[in-house]
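Reading through the structure tokens given below for one structure.
The values are calculated or read from the model by the stated rules, or taken from the named source; none is laboratory data. Note that the structure is predicted; figures quoted are calculated from it, not measured. Using ideal geometry, Cβ is built from the backbone for each residue, glycine included, and neighbour counts are taken over all protein chains shown. Remember, those area values only see protein heavy atoms, side chains included, never the ligands or the DNA or RNA. Shrake-Rupley method; radii C 1.70, N 1.55, O 1.52, S 1.80 Å.
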Amino acid sequence: MKGQEWYQATEVAEEYDEKRFSRGGRLIDRREKQAVLNAVGPVEDQRVLEIACGTGRFTVMLAERGADITGLDISGPMLQKGREKAQRADVTDTIDFMRGDAGRLPFPDDHFDTVFAMRFFHLADTPAKFLTEMARVSKDTVFFDTFNRFSTRSLYNWLLPMGSRLYGDSEVRGLVDEAGLDLVRDEHDFVVPYGFYRKVPDWIAGPIRRADTAIGETPVGRSLASVSYWHTSV
């Protein structure tokens, strides 16, 4: 997986949320959390698995809503940040953070009601393998996001330290079919790429985001969206 060693660094975990989700990045955080909530629905008493849970942004959010959730990640420092968040939110009793490989999930078939992964598939070297494993251990919902090949992100992707795996629409649909999943709904957003929002203050990011959303609702905007959210079912 891309960036496996990079994500193991303690300093990366310490700075992760601040670098990505402060300033205009707060808009990204809110949109991603809403996408997850839209897909997973009510989670009280549901068994949920988050792949590549990182610092626990979504893990803690769902635990606060009553989910019995497991967060899996390859990075020990990232998991530690997640545990600290869970302690502050007083939800440690309903979260199990564990280190593991998303390509070989240590769970039986149909073990979870919902399995999801955010900000993961752009790092995946074997996306079909990962998605098939997610489908195997879920008995209902599988949700994930991708960065898109024909989008503004492609203009600067080569400048990023690790780059990103960018996907075409038909490629993702093929992966969904191959994993034995049914596509319930797909959403496409952020004509203006993530990197821009993280660099500007809220007062600039807000108006840009409103224009971005308006453009994204047009056929042209949909085709240029840099992020897609894929809600599938087993």
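Average projection, convex hull of the Cα set of segment 80-202: 9.7 square nanometres.
Would you mind computing the Rg to Rh ratio of segment 159-234 from its alpha-carbon coordinates, Kirkwood style for Rh?
Ratio of gyration radius to Kirkwood radius for segment 159-234: 1.05.
Could you work out the relative contact order of segment 61-122? I mean the mean sequence separation of Cα pairs under 8 Å and 6+ apart, divided by the number of residues, in percent.
In percent, rounded to a whole number, it is 37.
Projected area of the chain, taken from the Cα convex hull and averaged over every viewing direction, in nm²? Please report the intermediate quantities before stating the final value.
On the way: hull surface 47.2 nm².
Over all viewing directions, the chain projects a mean Cα-hull area of 11.8 nm².
Per residue, the accessible area of the chain comes to 46 Å², computed with a 1.4 Å probe over protein heavy atoms only.
Using the rule -39500 (n - 2.57) for each DSSP H run of four or more residues, divided by the residues of the chain, the 222 nm mean residue ellipticity is -12500 deg cm²/dmol. Sorting the segments 199-209, 54-64, 71-81 by their residues' average number of neighbouring beta-carbon atoms within 10 angstrom, most packed first, yields 54-64, 71-81, 199-209. Taking the protein heavy atoms of segment 68-181 in the context of the full set of protein chains, the accessible area attributed to carbon and sulfur is 50 percent at 1.4 Å. On full extension, the segment bounded by residue 96 and residue 214 gains 38.5 nm, given 0.36 nm per residue less the C-alpha separation. Farthest towards the positive end of the charge dipole of segment 1-159, among the residues 151, 116, 89, is the Cα of 151, using unit charges on the Cβ of Lys, Arg, Asp and Glu.
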